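Notes follow the structure.
Coordinate-derived values only; no laboratory data. Remember, it's a predicted structure, so these values are computed and weren't measured experimentally. Counting neighbours? That spans all protein chains shown, and the Cβs are built from the backbone with ideal geometry, glycine included.
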Ligand code: ADP
C-alpha cells in the first residue's frame, strides 16, 4: 500500500480524498495556488506545497509543478480528483515515468475515452448501445447535411474533444445544419483547440443515467448501480439521485451487466462511469468518464462502499474485496450541488464567507471545504459544497433533504441553496417525473415569477 499520496486538486474533492487517506493511515500532501494558501485542504494535509499563482494554468494544471511537488515530498502516488489533470493522459504517463503511481485508469484508456468519436467506436465494439449518428467524425458541412438526412432531424452536433456541456449545437432542420456545423466546430476549435465534430440524433425527452464501475488489476469488474443526473442546466448537473426513479432492479442489473462485460473486454482499470441517455426503455451511450465523478457520494451512501478507498487500493495492485453479489443498494440518496452563484441569474458570487452553519443529523453528509472566514476565489469552478442526503426510501430522503436545506446557512456569498429549496418542493421532482430538459423550464418559470 502507498505511504504518502499527493492530492492534485483543491476544494471539496481534495478534502474528500484526504479523508479517505486518513481512514487508510496514508499520509497526504496538498498542493495549492497562492489564492488557496488558507484553504481547508491545505490546513488538514500532513504537508503542503505551493505550486503557483492563482490561475489554474499556472498552478493546478501545471504538470511540472505538480510532479516536482510529488518528488520533493516523496509521495508515491497522485490522486487527481476530477477536473484539472484527472483526464490528462500525458500527465498520467509522465508521473508513471517518474516512478509515481497514478490513481486512475491507464493513459491509453484516458486517451481513447477522452476522444468522444473514438470512445463511441470503442463502445460499439464492446457491445454498448449508442445514440444513432454519424459514423465517426464529420468533415464538411455537406457531409453534415447527408448525415442529417440519414438519421432524421433534429440532430445534435458535438465536439469530439467536448466536455462540460460545451461545443454542442442543435440543428432542427436541414436548413440549420450547415450553420450549426460551422458554429459547433468553430466553438470546439476555440474552446478545446480541436474543431473535430460528430453528429447524433437529438433525443427529445431522455433522462441522463450513468453506471458506476470499479475494475481491479486481477480481472474483477463490478458495477455499483446507477445515478440519475437528469436535472441539468446548460448541460451541467445540478442535483443527482441514486437509484434512478425511472429504473427497476432488473433494468439496473441488465445495463450493469452490459457495462461490466464491456469494461472486461477493454481491460479497464480503476473507477469509471459510463453515461447514457435513457428514453422509452432504451439506453444510449454518450460518453465515459475515466475518473471519480462529482456525484460519486450518492453511490457511496447507497452501497456503503468508499469509492476513493477502492481507487487507492486498485492503484496499489490490491484485489477488490467484494463481489457483484455482495454489493447491495440500500435506500435512496440525493446530492445537491451548491454553487457560489446568484440563484436566479447564476452569476458567480466569489468573496469571503462571513458566516457558515452546516446541516447535520441522521443521513446528512456535507462535502465542502467551507468555513466562516474562508474565501471563495473567483478563479475556479463555482461549486463550493455538496449536500448529500440518505434515507431508507426516496420519501424519507426528500424529507431529510428539505430539513437539511432549511438548516444550511452560508453568508457573505450568494449560493444556489434557494434554487434547491424550490426544486425539492416542485411536484414533478417529488414524483420523480423529469427529464434532461425539465430543469431549464423550471428555472425559466421561476425567474418569471420573481421578476
Ligand atoms: P459533456 O462531455 O460536454 O458533458 P455529454 O456527451 O456527456 O457532454 O452530454 C452532456 C449532456 O448533453 C447530456 O447529459 C444531455 O443532457 C445532453 N446531450 C448529449 N447528447 C445528447 C443527444 N444525442 N440528445 C439529446 N441530448 C444530449
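Some observations on this one:
- As a ratio to 2.2 N^0.38 Å, the alpha-carbon radius of gyration computed for region 1-150 takes the value 1.31.
- Spatially, region 231-297 and region 299-333 are offset by 16 Å when compared through their Cα centroids.
- Per residue Cα convex hull volume in Å³ - calculated over region 324-373: 148 Å³
- Sequence of 109, 98 once ranked by neighbouring C-beta atoms within 10 Å, starting from the fewest: 98, 109
- Converting the Cα gyration tensor eigenvalues of region 325-451 into ellipsoid dimensions via √(5λ) gives semi-axes, longest first, of 25, 20, 13 Å.
- Anisotropy class of the chain from Cα gyration tensor, a/c 1.5 cut: rounded
- Whether region 132-201 is rounded, prolate or oblate, judged on the alpha carbon gyration tensor where a/c under 1.5 counts as rounded: prolate
- Euclidean distance of C-alpha centroids, region 148-175 and region 402-429, integer Å: 34 Å
- Beta bridges from DSSP with both residues in the chain: antiparallel share about 80 percent, rounded to the nearest 5.
- Scaling the Cα radius of gyration of region 1-73 by the globular reference 2.2 N^0.38 Å produces a ratio of 1.01.
- Cα Rg, Dmax, region 274-353, angstrom units: 17.4, 48
- Shown for 430, 131, 138: other C-beta atoms within 10 Å of each C-beta, ranked fewest to most, produce the order 430, 131, 138.
- A Förster distance of 51 Å, applied to the separation of the beta-carbon atoms of residue 392 and residue 172, puts the FRET efficiency at 0.70.
- Where N is the number of residues in region 195-318, Cα Rg divided by 2.2 N^0.38 Å: 1.06
- Note on region 180-255: along the principal axes its Cα atoms extend 43, 35, 23 Å, ordered by decreasing extent.
- When every Cα-Cα distance of region 207-450 is counted in 10 angstrom steps from zero, the calculated P(r) takes the values 7, 31, 34, 21, 6, 0 percent.
- Geometric extent, Cα atoms of region 32-116 - Rg, Dmax (angstrom): 13.1, 38
- Taking the three principal axes of the alpha carbon atoms in region 69-198, the coordinate ranges are 59, 33, 19 Å, sorted in descending order.
- Kirkwood-based Rg to Rh ratio, region 58-100, C-alpha trace: 0.91
- 10 Å binning of all Cα-Cα separations within region 402-451, expressed as whole percents from 0 upward: 20, 50, 28, 2
- The distance separating the Cα centre of region 113-140 from that of region 3-64 comes to 35 Å.
- Exposure proxy order (Cβ contacts within 10 Å, fewest to most) of 349, 160, 249: 249, 349, 160
- CD proxy at 222 nm, helix term only [per DSSP H run n ≥ 4: -39500 (n - 2.57); per residue of the chain; nearest 500]: -10500 deg cm²/dmol
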